[in-house]
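Trainee: Pasting a structure here, questions to come.
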Amino acid sequence: MDHAGLVAELAALAGTGVEVLEDRPPVETPREDPLVQAAEEALRLLGLPVRYGGVPGATDSTFLRAWAGLPVVVMGPGRKTLPHQVDEWVDLGEVVQAARVYAALAVLVVS
């Protein structure tokens, strides 16, 4: 979505100026990218489902993909709607599982 157009539309609807606190471009890595392929393989090797989709909020992937041109895959333990809250938490078993995925991914990327 064009951010400048969205801000203009919101300002028109509000009848006043709109202050943008932060503007990050959207991030997407094609499924054909070797990093995405390796992430899929790492998940399959560990018997985990491969899921595609976005995440609400922001990650450092914005800087790495949109501004530095590096491929990124955002994945990790926990529910994607919980980060950056007072009562944020993650199951320890999911942390261990994520570490296994990252280790398998590292091996696949280096191979």
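The values are calculated or read from the model by the stated rules, or taken from the named source; none is laboratory data. Because the structure is a prediction, the values reported are computed rather than measured. Please note: Cβ atoms are built from the backbone with ideal geometry, for glycine as well, and neighbour counts cover all protein chains shown. Surface accessibility is based on the protein's heavy atoms, side chains included, excluding ligands, DNA and RNA. Shrake-Rupley method; radii C 1.70, N 1.55, O 1.52, S 1.80 Å.
Trainee: Taking a probe of 1.4 angstrom, what is the accessible area of L64 in Å², to the nearest 10?
Mentor: 80
Trainee: For the chain, what's the relative contact order in percent, using C-alpha pairs closer than 8 Å and at least 6 residues apart?
Mentor: The normalised contact order for the chain reaches 26 percent.
Trainee: What's the FRET efficiency of L35 with H3 using the Cβ-Cβ distance as r and R₀ = 25 Å, to the nearest 0.05?
Mentor: About 0.45, to the nearest 0.05.
Trainee: Turning to a different aspect of this structure: Once label points are set 7 Å from the Cα along Cα→Cβ at both H84 and L64, what is their separation, rounded to one decimal in nm?
Mentor: So the two model labels end up 1.7 nm from each other.
Trainee: What's the local net charge at A38, with K and R +1, D and E -1, over the other residues with C-beta under 15 Å away?
Mentor: Overall, the nearby charge balance is -1.
Trainee: Given labels modelled 7 Å from the Cα in the Cβ direction, how far is it in nm from V109 to L13?
Mentor: Between V109 and L13, the label points sit 3.8 nm apart.
Trainee: Still on this structure: For every other residue with a beta carbon closer than 15 angstrom to the beta carbon of A11, add +1 if it is Lys or Arg and -1 if Asp or Glu, then tell me the sum.
Mentor: -4
Trainee: For segment 1-87, take every pair of Cα atoms, bin their distances at 10 Å starting from 0, and report each bin as a whole percent.
Mentor: 13, 35, 31, 16, 5, 0
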